[in-house]
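Everything on this sheet refers to the single structure shown next.
The values are calculated or read from the model by the stated rules, or taken from the named source; none is laboratory data. Computed from a predicted structure; not experimentally measured. Here the Cβ is made from the backbone with ideal geometry for all residues, glycine too, and neighbour counts use every protein chain on show. Protein only, heavy atoms only, side chains kept; ligands, DNA and RNA dropped before computing areas. Shrake-Rupley method; radii C 1.70, N 1.55, O 1.52, S 1.80 Å.
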Amino acid sequence: MSHQHSETQSLQLQSGRISIAKSNFYESNLPEYEAFDALRPRGPTDKETQASGLSVLSVDMLVTKNEKDHTTDKYKCSTLIVRRNKEFTIVIKLDRAFNAEQDDVQIEFVIGSAPDENKGTHIIVSIGKEKRTASWKGRVVETQGNDVTVGITPDSSCIVGRFRTFVTVVTELGKQRTPRNPDTDFYVLFNSWDSADEAYMDKEEDRQEYVMNDVGTIYYGEFNNIVSRSWNFGQFEEGVLDACLMLLDAGKVPLLFRGNATEVVRQGSALINAQDDDGLLVGNWSGDYSEGTAPTAWTGSPEILLKYAKQGCVPVRFAQCWVFAGVLNTLMRCLGIPARLITNFISAHDNTGNLKTDIVLDDDGKVDRSRTRDSVWNYHCWNEVYIKRLDLPEKYSGWQVIDSTPQETSDGLYRCGPTSVNAIKEGELSYPFDAKFVFAEMNSDVIFRKCDKSGKIKIIYVDSSYVGKLLVTKKKDSSEYEDITSNYKYPEGSLKERESMQMAEHRGVSKDHLPLPEAGVDLELQADTIKMGDNFKLKLNIKNQMSQTCTFSAIITGCVVYYTGVTSTTFKLENMSATVEASKTESLTIDVNALEYMPYLVEQSNLLFVAYGYIEEKDASVSIMRVVTLSPPELTIKMVGTPQVGKEVLVSVIFQNPYNFILEKVQLRIEGPGLIITKLKKYSQILPGASVKYKVSLFPRSPGKKVLMACLDCPLLRQVTNQLEFEVANN
């Protein structure tokens, strides 16, 4: 048998694709087990076995007891799951009583297709007369009759994955090894409860939130009008752990890397996107999702991971940043690494890492789409993982940014991180990985340039505080958000912020300090929360900070924009002017009618307004941008009855089309961990004013706080979501 893919675990690789033998790819009788068998010495004959006087009858992995001790009992899996550096016990049943002075018994743990003691893929723990040192600890806890209870402690840095167990009786005549038995397999995960593990977290409330919580909240919209949706991480759902390990196998992540948290999170950030390695999810920002599922339609990770596994590692279509982040969070928590999902509002995508985001306006003051290469995303989602960085000074351990949205390559693959949040804040950008890119996402200057009719471009205004307005994550034990901006950056204009920027420049990030005429005027664009389909007013406040009256002329443009900052159709162009007295503020009001923008809306319904102003007295320009996110209509969830474990409860999801146009190709998804697997209902169309009502029955499997989430999605209407939180009582 060829061992060219010896680092992959329990899978056959053919022509770069993975084929799964039988329905459970880990329990199939793959040739690699034969390879392990071939390495062992000749087994004894029946006559020799009788002479040795000891045989193994069975091995009990004590799944229920061990999983309770290891905080893994939430996983819906019949196979034992344990955590590193914590003892678990197994019972070995022999055909006679065990004699520790005379008998030599070895317990062997194997992972991968080419077991090697030197590589940590073949661990031998001895009990009995022959003692040998091993990275894993083993001890006899007790003997009772013919049963031996053995305690096994996996090493704190051992490989994370699925191990196979063999018990071997060693005699002068040879070795008698138990046959392959999938029932004695077990998974080893990172251990956030143990200070020797790289994934250690010292507070129980933090571990409950960032490792054990299987439902999260994703924040999006705009920084002064934040909206949220629930997401089912579902790391304990049946098949999800296998799918996560399958993803590592498909990406050919060497087993040697899988004990190192820094390597695992870096590899994970590459594997969640399919950009260059046939990873999990295909990114798509085109608006055409006819060949898959729209990113806005997903409600959680299990559906995506299980689809990937079922299809034999064919990438799932489609995702955008919050989907990539949601599934990466699941992968991390499933493997035992603390993780959380972050939203950065007003996030720069800086292609060059030079802290400059260029917005080019044409002679009319409109965004020049042909000349504007950089983009400012309304929001961007990434992840943080909490790990010790053994490759960095100690103060840079803790929360690390990882990002699986394919934006730029890092060491040849589309991935980002891990990069220390503490290092980002200090501007210390020389440490791995991708610190300059992450720093630019929240610290870039927005440079407005104007192109005249002859094609000459000049800088008219620099806004150094537009990007990285607000960074948020879910609060512990709450669906409200927590402002974590101060984790990433010092207050705008403070001495510490200047020192951090100087350090960043010292570490190779270029920032132009451009001498521009002082405009003496500040602009502010204001808009209320607006529902899609409403008329609204936009207010431009002009603050004159000079000691003289100023004459101000403005061009205001409105265009439809994707959440990534890419502009679409321009639907509004207004020329306005005002005379503003010294140290006073004047306001200009722009009426925006639904009839103007509705025909041109793209997904997520964002409108970008750019105001370009000229101050005659100063011969200076000023500019400002503002994104307005239009709120979608409501989705209602109603429950009949009191939720109890094992008892039926009825739920209805109701939606009414408030528009004068037909909604076509509508998908309605409902899911909730511990409540219901993903249900999908399709409607060919919903007529204007018409309602739909989808009823489902729930049979809660466990008590406690639960979240049921629903999402309605169609080409003309995205991000219509709601969730219902409730307590399930014990029967």
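Specify the residue that is farthest from LYS395 (Cα to Cα); the eligible residues are those in the stretch 407-431 that are among the acidic types (Asp, Glu) and touching a residue at least 24 places away in the same chain (Cβ under 8 Å).
GLU408
Where residues in the stretch 265-280 are in contact (Cβ under 8 Å) with a residue 60 or more places away in the chain and over 28 Å from ARG83 (Cβ atoms), which of them is least open to solvent (accessible area, probe 1.4 Å)?
ASN273
Mind listing just one residue for me: the one in the stretch 416-471 that is open to solvent by 30 Å² or more (accessible area, probe 1.4 Å) and assigned to a helix (DSSP H, G or I) and, of those, farthest from THR372 (Cα to Cα)?
Once the filter is applied, the top-ranked residue is ASN422.
Kindly list the number of the only condition in (1) farther than 25 Å from TYR386 by Cβ; (2) of a type outside the set (A, V, I, L, M, F, W, C); (3) modelled with pLDDT of 95 or more that fails for THR330.
Evaluating THR330 over (1) farther than 25 Å from TYR386 by Cβ; (2) of a type outside the set (A, V, I, L, M, F, W, C); (3) modelled with pLDDT of 95 or more leaves (1) as the failure.
Going through the stretch 94-133 one residue at a time, which ones are over 24 Å from ASP183 (Cα atoms) and of a type in the set (A, V, I, L, M, F, W, C)?
Result: ALA100, single match.
Among the residues in the stretch 167-187, are any outside any loop (DSSP other than H, G, I, E, B), within 28 Å of GLU303 (Cα to Cα) and within 23 Å of the chain's Cα centre (by Cα)?
yes
Given the criteria more than 19 Å from ARG162 (Cα to Cα) and open to solvent by 60 Å² or more (accessible area, probe 1.4 Å), does GLU117 qualify?
Taking the combined requirement at face value, the residue does not satisfy it.
Restricting the search to the stretch 573-632, which residues are in a loop (DSSP other than H, G, I, E, B) and under 24 Å from ARG449 (Cβ atoms)?
GLU616, GLU617, LYS618, ASP619
Could you please find all residues in the stretch 607-628 being within 14 Å of LYS539 (Cβ to Cβ) and surrounded by fewer than 22 Cβ atoms within 10 Å (Cβ to Cβ)?
ARG626
Would you confirm, using the coordinates I've provided, whether GLN102 is in contact with a Lys or Arg (Cβ under 9 Å, 6 or more places away or on another chain) and open to solvent by 70 Å² or more (accessible area, probe 1.4 Å)?
So GLN102 fits the description; yes.
If you take the residues of the stretch 168-195 that are charged (D, E, K, R) and within 20 Å of ARG96 (Cβ to Cβ), which of them is surrounded by the most Cβ atoms within 10 Å (Cβ to Cβ)?
ARG177
Results for (1) at pLDDT 95 or above; (2) within 14 Å of the chain's Cα centre (by Cα); (3) polar (S, T, N, Q), shown as yes or no for each residue.
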{"residue": "TYR200", "(1), (2), (3)": "yes, no, no"}
{"residue": "ASP206", "(1), (2), (3)": "yes, no, no"}
{"residue": "GLY221", "(1), (2), (3)": "no, no, no"}
{"residue": "GLY234", "(1), (2), (3)": "yes, yes, no"}
{"residue": "GLU237", "(1), (2), (3)": "yes, no, no"}
{"residue": "ALA243", "(1), (2), (3)": "yes, no, no"}
{"residue": "LEU248", "(1), (2), (3)": "yes, no, no"}
{"residue": "PRO254", "(1), (2), (3)": "yes, no, no"}
{"residue": "ASP277", "(1), (2), (3)": "no, no, no"}
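Going by what's in this entry, would ILE556 be described as within 30 Å of TYR659 (Cα to Cα), open to solvent by less than 70 Å² (accessible area, probe 1.4 Å), in contact (Cβ under 8 Å) with a residue 24 or more places away in the chain and over 32 Å from the mean Cα position of the chain (by Cα)?
So ILE556 fits the description; yes.
Return the residues of the stretch 475-514 that are of a type in the set (S, T, N, Q) and under 27 Å from ARG340 (Cα atoms); say none if nothing qualifies.
Selection gives SER478, SER479, THR485, SER486, ASN487, SER500.
For the stretch 285-314: of the residues being part of a loop (DSSP other than H, G, I, E, B) and open to solvent by less than 20 Å² (accessible area, probe 1.4 Å), which is nearest to TRP231 (Cα to Cα)?
Top of the filtered list is THR299.
Every residue in the stretch 202-221 that is under 30 Å from MET625 (Cα atoms) and either open to solvent by less than 10 Å² (accessible area, probe 1.4 Å) or touching a Cys at 6+ places or on another chain (Cβ under 6 Å) (or both), please.
Hits for the stretch 202-221 are ILE218, TYR219, GLY221.
Could you grab me the full set of residues in the stretch 384-398 that are without any contact (Cβ under 8 Å) to a residue 60 or more places away in the chain and either open to solvent by less than 30 Å² (accessible area, probe 1.4 Å) or not charged (D, E, K, R) (or both)?
LEU392, PRO393, TYR396, SER397, GLY398 - these are the residues of the stretch 384-398 that are without any contact (Cβ under 8 Å) to a residue 60 or more places away in the chain and either open to solvent by less than 30 Å² (accessible area, probe 1.4 Å) or not charged (D, E, K, R) (or both).
For the stretch 85-112, which positions are among the hydrophobic types (A, V, I, L, M, F, W, C) and free of Cβ contacts under 8 Å to residues at least 60 places away in the same chain?
Within the stretch 85-112, VAL91, LEU94, ALA97, PHE98, ALA100, PHE109 qualify.
Tally up the residues in the stretch 633-643 that are hydroxyl-bearing (Ser, Thr, Tyr) and part of a strand (DSSP E or B), please.
Residues flagged as hydroxyl-bearing (Ser, Thr, Tyr) and part of a strand (DSSP E or B) within the stretch 633-643 amount to 1.
Out of curiosity, is THR165 out of contact with any Gly (no Cβ under 6 Å at 6 or more places or on another chain), within 30 Å of SER631 (Cβ to Cβ), hydroxyl-bearing (Ser, Thr, Tyr) and buried (at least 19 other Cβ atoms within 10 Å of the Cβ)?
no
In the stretch 712-724, is there at least one residue being over 23 Å from ASN606 (Cβ atoms) and surrounded by 16 or more Cβ atoms within 10 Å (Cβ to Cβ)?
yes
Output the residue which, of all residues in the stretch 679-711 that are touching a Gly at 6+ places or on another chain (Cβ under 7 Å) and open to solvent by 10 Å² or more (accessible area, probe 1.4 Å), is nearest to VAL602 (Cα to Cα).
VAL707
Could you pull out every one of the strands (runs of 3 or more DSSP E) wholly within the stretch 338-400 that has 1 or more residues that are touching a Pro at 6+ places or on another chain (Cβ under 9 Å) and at pLDDT 95 or above?
Counting at least 1 such residues, we get 375-387.
Somewhere in the stretch 243-264, is a residue of a type in the set (Gly, Ala, Ser), more than 25 Å from GLU303 (Cβ to Cβ) and open to solvent by 50 Å² or more (accessible area, probe 1.4 Å)?
The answer is no; no qualifying residue exists.
Just the residues that are over 11 Å from LEU247 (Cα atoms) and either free of Cβ contacts under 8 Å to residues at least 60 places away in the same chain or of a type in the set (Lys, Arg) (or both), please, taken from the stretch 294-317.
Once the filter is applied, which keeps residues that are over 11 Å from LEU247 (Cα atoms) and either free of Cβ contacts under 8 Å to residues at least 60 places away in the same chain or of a type in the set (Lys, Arg) (or both), the stretch 294-317 yields PRO295, ILE304, LYS307, LYS310, GLN311, VAL316, ARG317.
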